[in-house]
Amino acid sequence: MSFRSHMETALAEARAAAARGEVPVGAALVAPSGALIAAAGNRMRELNDPTAHAEMLAIRAACAAAGSDRLPGHDLYVTLEPCPMCAAAIGFARIRRLYYGAGDPKSGGVAQGPRIFSHPQCHHAPEVYDGICEDEAAALLRAFFSDRR
């Protein structure tokens, strides 16, 4: 099986989130077979839930589909560097690889801020690949926030 990026699915979810008035972040979760098993965009405002980040929603859906609280061998594509909450959930779910687009100097939890996966208390750290479709992901965020200023 050859590698296939699913970042376009995550970007589509981010664009849909922006259209709903949510911060444009999208996620796609992929099974070891390469099949897409869950995709989501931010829904915090819609659901009145501060934990309804794209990553959390995709992880919840994938765990429900798998009938398990862990997703070993699964890969997660996210348009923005996960926050500390989402990074912890990624570790708890035992996700194999994390691919993300834009870095998040203000709220990131992987390469910025607390760097969740580098702590000795972290039970599992995925392989991390950043900068995937970074320009497009960052442009979505810039446009969203410039429209609100």
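ASP49 exposes around 40 Å² of accessible area when a 1.4 Å probe is run over every protein chain in place.
Taking a ≥ b ≥ c as the square roots of the eigenvalues of the Cα gyration tensor, an a/c ratio of 1.5 or more together with a/b larger than b/c marks segment 1-47 as prolate. Per residue, the accessible area of segment 69-144 comes to 47 Å² when a 1.4 Å probe rolls over the protein heavy atoms.
For GLY73, the amide hydrogen comes within under 5 Å of the amide hydrogens of ARG96, counting only partners 5 or more places away or on other chains and with H modelled in the peptide plane.
Considering helices alone, the calculated mean residue ellipticity of the chain at 222 nm is -10500 deg cm²/dmol, with DSSP H runs of length four and up weighted by -39500 (n - 2.57) and normalised per residue. Taking H as built 1.01 Å from N, whose amide H comes closer than 5 Å to the amide H of SER107, not counting residues under 5 places away? When sequence neighbours closer than 5 places are left aside, there are no close amide H contacts.
The THR51 and SER107 beta-carbon pair, evaluated with R₀ = 22 Å, returns a calculated FRET efficiency of approximately 0.95.
DSSP loop (so not H, G, I, E, B), at most 15 other Cβ within 10 Å: list which trypsin sites (Lys or Arg not before Pro) in segment 5-86 pass both filters. Passing both the DSSP loop test and the Cβ count: ARG20, ARG70. Distance between the C-alpha centres of segment 121-141 and segment 55-100: 12 Å, rounded to the whole angstrom. At the residue level, VAL110 shows approximately 20 square angstrom of accessible surface with a 1.4 angstrom probe and all protein chains present. Computed with every protein chain present, the accessible area of SER107 is close to 50 Å² [probe 1.4 Å]. Projecting label points 7 angstrom from Cα along Cα→Cβ for SER146 and ARG70 puts them 4.6 nm apart.
Would you mind telling me the share, in percent, of accessible area of the chain contributed by carbon and sulfur at probe 1.4 angstrom? C and S atoms contribute 54 percent here.
I'd like the antiparallel share, as a percent to the nearest 5, of DSSP beta bridges with both residues in the chain.
Counting DSSP beta bridges with both partners in the chain, the antiparallel share is about 55 percent.
The values are calculated or read from the model by the stated rules, or taken from the named source; none is laboratory data. Note that the structure is predicted; figures quoted are calculated from it, not measured. Neighbour counts run over all protein chains shown; Cβ positions are idealised from the backbone, glycine included. Keep in mind that these areas ignore ligands, DNA and RNA; they rest on the heavy atoms of the full protein, side chains included. Shrake-Rupley method; radii C 1.70, N 1.55, O 1.52, S 1.80 Å.
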